[in-house]
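Step one of this worksheet: look at the structure below.
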Amino acid sequence: MPVNPELVGRAFPPTAPYLVGREKVREFARAVFADDPQHLDPQAAQALGYADVVAPPTFAMVVQDQTLQQLLAEPDSGIELSRVLHAEQRFRYTRPIVAGDELTATLSVTGIRTMGGNAMVTSDAEITDAAGAHVVTATSILLVGEGDK
């Protein structure tokens, strides 16, 4: 089944709030070799004006993943995980993610481009804090390959 072109413009319900934990930020920072003290040491982050440790920029993927799971679970999407490759990722930040943030994400499918039997599915996850203020927009492009013929 090909990717459903009617996905374009579809918005999904907001995710459950995700509480950013200090240890999760530290674990993520170590995993991606982000060794700047602001990612690991609360005092270093506070010296820079933040309430707690600052997540590396790619940490937004942790929250965005919840939205991509919604897309993959959509029964009429035509997207099967076994045929998906994460082709591209971009982030547009208003402010950094900091431990203690409670973040919610809302996904919208913004485009589908067909190439041969493959499709490039572009989606934006708007990530906001508990007050509803924008924190980051995470844009993903998924390459969805052809199914069995």
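Considering Val62, Val98, which residue is farther than 30 Å from Leu7 by Cα and among the β-branched types (Val, Ile, Thr)?
Val98
To keep it simple, each residue is scored yes or no on (1) surrounded by fewer than 15 Cβ atoms within 10 Å (Cβ to Cβ); (2) in contact with a helix residue (DSSP H, G or I) (Cβ under 7 Å, 6 or more places away or on another chain).
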site	(1), (2)
Val84	no, no
Glu88	yes, no
Val98	no, no
Asp101	no, no
Thr104	no, no
Ile112	no, yes
Glu126	no, no
Asp129	no, no
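Of all residues being in a helix (DSSP H, G or I) and without any contact (Cβ under 8 Å) to a residue 12 or more places away in the chain in the range 44-81, which is nearest to Thr128 (Cα to Cα)? Just the residue, please.
Restricting to residues being in a helix (DSSP H, G or I) and without any contact (Cβ under 8 Å) to a residue 12 or more places away in the chain, the top hit is Asp65.
Can you give me the number of residues within the range 5-38 that are outside any helix (DSSP H, G or I) and either surrounded by fewer than 18 Cβ atoms within 10 Å (Cβ to Cβ) or aromatic (Phe, Trp, Tyr) (or both)?
Residues that pass the stated criteria total 16.
Bear in mind these aren't lab numbers, they're just calculated from the coordinates by the rules spelled out. No experiment lies behind these values; they were computed from the predicted model shown. FYI the Cβ positions are ideal-geometry reconstructions off the backbone, even for glycines, and counts take in every protein chain you see.
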